[in-house]
Amino acid sequence: MATITKQYIDGEFVESHGRELMDIIKPTNRQVIGRVTLGDEEDTRRAIAAAKRAFTTFGQTTKEERASYLGGLYKAVSLRIDDLTAAMVEEYGGVVRFARLIVESGANAFPAAEKGLEELPMTRRWGKTTVTLAPVGVAGLITAWNANALFICLKLASAIGAGCTVVIKPSELSSLQTEVMLECVEAAKLPKGVCNVVIGRGGVVGAELVRNPDVAKISFTGSVAVGQSIMRDGAATMKRVTLELGGKSPTILLDDAVLDKAIPAALILAFMNSGQACAAGTRLLVPKSRVAEVKRGIAEAMTTFSVGDPADPRTAVGPMVSQNQYERVQSYIRKGIEEGAEVLVGGEGHPPGLEAGYFVKPTVFANVKNDMTIAQEELFGPVLCVIAYDSEDEAIRIANDSKYGLHGAVLGADLQRARRVASQIRAGRVVINGMTDDPQAPWGGFKYSGVGREYGRYGIEAFLETRAILES
């Protein structure tokens, strides 16, 4: 059984000042597989102080020096892809074929930041005016449990690229992944104090990062409610913020879509990371003229969309991360039934034979109205809503009829038309004809899905301030 008792502060593993113990529970069978000692406000203040000391020199480093550190981090993380993937499967229940993609995306954040840094002019001059980009200072990086390793890499890459020092508050539900990541940070040989990590609760460690005046910026991935509290409480010390807060992403299936390709693509979008993904396409918008054949196609395709052991490469959907998350998803499935939606596939309860873990039946609701609770609130589980529309304009209206705006998708044969529709979706990123990624493309949301952008050059810019120097 894993036992984690130390925090990473000022380049060293040190015993936690906090004494609260938390069990690490395997979601496939609810067995305790480890125990972590959670940090407290004192651990956090020590980490902040270390980052502040380190910033006096690290904030003056050149682009070339920071690029070298990014390269070292990439090498260190790349060597531990298998270990990080295994940890994600073990403690979170991420299906292995998706978990590996998540971890690889995290590793790739470092060369993406290196490329973005190379392309980003840190100084501009005209006449007697000089404009420089300066690192904002100490940054607090707060990550979520559904892709902890990815978020650590992504935020750390941007902060290092900008010249900031950091204190990371990873999800306490992802402590095994964090331990591997810390070994990567140690192997990369960053200067002391540049990267500090305190494992602890958001209401303790995260709250100290938000209120501490020596922290200049918060980069947070998580819920809308916590993001709102960060904006509110951080205002007291004028925190700069980047917030990625989730979504209720629409997938528009156009009337010319080839269903043999479109339906599998829609299901992959909906059930990625077992539905525990902020970008999951959990609203599938279908032309009324094609609803019947889409329903038949989904019912048939779902027979091969297996739920079970996340370590099995054939598994498409694993367990929820915790009992609380299992109960949350069950409550929304019940709500959908109460509101009159048709259960096309799945429903309440555990899949047969998987009662020991936090497994949910992958569920597809048909005859959903966009004003239903299941169509408006983020469930964070394997639940898809099929919503009918009459016209392309109505599809766009329904897609945008949400407080969220993180991600979207368009499925259709006419690429020019699909692009036109995609350009009208109010979301930070829209994919066409399937999930794809570009580590240089910005990531972030409209509306309640957040503030600011991450990835590549855009992510680095979020950790910089602009300074103008004018000569008389």
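Read-outs throughout are calculated quantities, based only on the coordinates presented, and are distinct from any laboratory measurement. Note that this is a predicted model, so its numbers are computed, not measured. As a convention, Cβ positions derive from the backbone with ideal geometry for all residues, glycine included, and neighbour counts pool all protein chains shown.
Tabulated values for the structure
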| item | result |
| --- | --- |
| HN-Hα J in Hz across segment 151-168 - Karplus 6.51, -1.76, 1.60, θ = phi - 60°, x for Gly and Pro | 5, 4, 4, 4, 6, 5, 4, 5, 5, 4, x, 7, x, 8, 9, 9, 10, 9 |
| Long-range HN-HN contacts of Arg35 with modeled amide H, under 5 Å | Ala2, Thr3, Ile4, Ile24 |
| Euclidean distance between Cα centres, segment 391-406 to segment 349-386, Å | 21 Å |
| Value of [θ]222 nm, deg cm²/dmol, for the chain, DSSP H segments ≥ 4, -39500 (n - 2.57) each, nearest 500 | -12000 deg cm²/dmol |
| Positive minus negative residues near Arg296 (Lys, Arg vs Asp, Glu; Cβ under 14 Å) | -2 |
| Segment Phe13-Thr373, length gained on full extension (0.36 nm per residue, minus Cα span) | 125.0 nm |
| Computed FRET value (nearest 0.05) for Ala413 with Ala225, which takes r as the C-beta separation and R₀ as 35 Å | 0.30 |
| Efficiency of FRET from Cβ geometry, Thr129 and Ser68, R₀ 22 Å, rounded to 0.05 | 0.10 |
| Extended-chain gain in nm, criterion 0.36 nm per residue less alpha-carbon gap, Glu338 and Met238 | 31.5 nm |
| Total formal charge among the other residues, if their Cβ is under 11 angstrom from that of Ala134, Lys/Arg +1 and Asp/Glu -1 | 0 |
| Given charges at Cβ of Lys, Arg, Asp, Glu: the chain dipole, positive-most of Gly247, Gly353, Val307 | Gly247 |
| Karplus-derived HN-Hα couplings along segment 202-218 (A = 6.51, B = -1.76, C = 1.60, θ = phi - 60°), whole Hz, x at Gly and Pro | x, x, 10, 5, x, 5, 5, 4, 5, 8, 6, x, 7, 9, 8, 9, 10 |
| Phi-based couplings in Hz for segment 356-373 (Karplus 6.51, -1.76, 1.60; Gly and Pro marked x) | 6, x, 8, 7, 10, 5, x, 10, 10, 9, 10, 6, 8, 9, 5, 8, 5, 4 |
| Local electrostatic count at Asp390 - Lys and Arg +1, Asp and Glu -1, tallied over other residues with Cβ under 11 Å | -2 |
